[in-house]
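Please treat every number below as a calculation from the coordinates, not as lab data. Note that this is a predicted model, so its numbers are computed, not measured. So basically every Cβ, Gly included, is an ideal-geometry build from the backbone, and we count neighbours across all protein chains shown.
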Amino acid sequence: MPRMLMAGVVALAVPWPAAGTTSGPRRQLVDTIIVHAIGGPSCAAGKLAFSGAPGDAWRWKAFFDRHPFLGIHYVVDREGVALASTPEDRLANHALDNNDTSIGIELVHEGDGIEPFGKRQIDALIRLIRSIRSRYFVPVENIKGHSDVDVRTFACGGAVYATKMDPGANFPWKLVRAAVRDEPRLVAGPSLVTHRPHPPARSRSGAVGDDLLPSR
């Protein structure tokens, strides 16, 4: 399956003010977290291909912040940088028919079942999920993948494929769910960030030095 260029890995997880547009009204109930991947399948010349996931959280936050229709609450990249887009208390258009009470998290990742998930990215995702669950009662069984909630299919080269495969067949669900399996402790509502911190320093090494995580 064709695959695009993978960005280098190094950095720290950094909070960022939620500045994205919303595709719906304010809401109080959040009971689900849906994990996505930027990359997705399509059919090219009768063969399954993936769209790729180049760049970092800054690139994809800007994409979702400006998009007139699509939305996401958080983006987490391969370096472990986690940025907010649509505020948690607003509906974002990220998962067909599953947006009303869910928070969407987009991983900068191929989502093709081949690219490994790095430790920095998964650790940042776990921290983010724990943080969300300190504000909303989200049972572990309601932490889902995009492929769990959107089961549409498409034909390609005589075969039928899932339209949404993300976050990917090799996503370490067992590890993530075990890390957040404690009952959520509701401690506070979401807080508004009113200042814009400086972006983190970028690594020039381009090294992919992550310890890779086992799937499922």
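Give me a count of the residues in segment 62-79 that are surrounded by fewer than 24 Cβ atoms within 10 Å (Cβ to Cβ) and closer than 11 Å to Val108 by Cβ.
1
If you go through segment 92-120, how many residues are over 21 Å from Leu70 (Cβ atoms) and either crowded, with 23+ Cβ neighbours inside 10 Å or touching a Gly at 6+ places or on another chain (Cβ under 9 Å) (or both)? Full working, then the answer.
The first filter runs over segment 92-120 and keeps only residues over 21 Å from Leu70 (Cβ atoms), leaving 113-120.
Then drop every residue that is not either crowded, with 23+ Cβ neighbours inside 10 Å or touching a Gly at 6+ places or on another chain (Cβ under 9 Å) (or both), which leaves 113-115, 117-120.
Selection size over segment 92-120: 7.
Can you name the residue in segment 61-80 that is closer than 23 Å to Val30 by Cβ and aliphatic (A, V, I, L, M) and is also farthest from the chain's Cα centre (by Cα) among such residues?
Leu70
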